[in-house]
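The values are calculated or read from the model by the stated rules, or taken from the named source; none is laboratory data. Not measured: the values here are computed from a predicted model. Every residue, glycine among them, receives a Cβ derived from its backbone with ideal geometry; neighbour counts consider all protein chains shown.
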């Protein structure tokens, strides 16, 4: 797939033609894990999504918790000046400050950190 901006080592990517065929016949769907969680929470809000010996959480509770976590992470990144948000879109752009501090904060070092900084300097955006 030619649209992969940051390919992962040892991951086999399909050709654009094969990806289009998979999407067309329904083998792949154009949605994210978050989309699937939100849809499941709407469809079966009270069903258990997570169960352990100590705790259980419904799909609605898991969806709400992940939305709150995402909002808190975004707010923290904006407050630190690590990202800029275009208020007319869902796109974020990593600032120079963020490009320097993100890798260390998330435990990246060496080549991975250099790749993250290089990607940002080439105009990379996280959607």
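Given (1) within 28 Å of residue 68 (Cα to Cα); (2) over 22 Å from the mean Cα position of the chain (by Cα), where does residue 39 come up short, assuming only one miss?
(2)
Which number in (1) surrounded by 14 or more Cβ atoms within 10 Å (Cβ to Cβ); (2) under 28 Å from residue 106 (Cβ atoms); (3) more than 20 Å from the chain's Cα centre (by Cα) marks the one condition that residue 45 misses?
If we test residue 45 against (1) surrounded by 14 or more Cβ atoms within 10 Å (Cβ to Cβ); (2) under 28 Å from residue 106 (Cβ atoms); (3) more than 20 Å from the chain's Cα centre (by Cα), just (2) comes out false.
Please give the strands (runs of 3 or more DSSP E) falling wholly within the stretch 1-111 in which 2 or more residues are out of contact with any helix residue (DSSP H, G or I) (no Cβ under 7 Å at 6 or more places or on another chain) and modelled with pLDDT under 75.
The qualifying strands (runs of 3 or more DSSP E) are 92-94.
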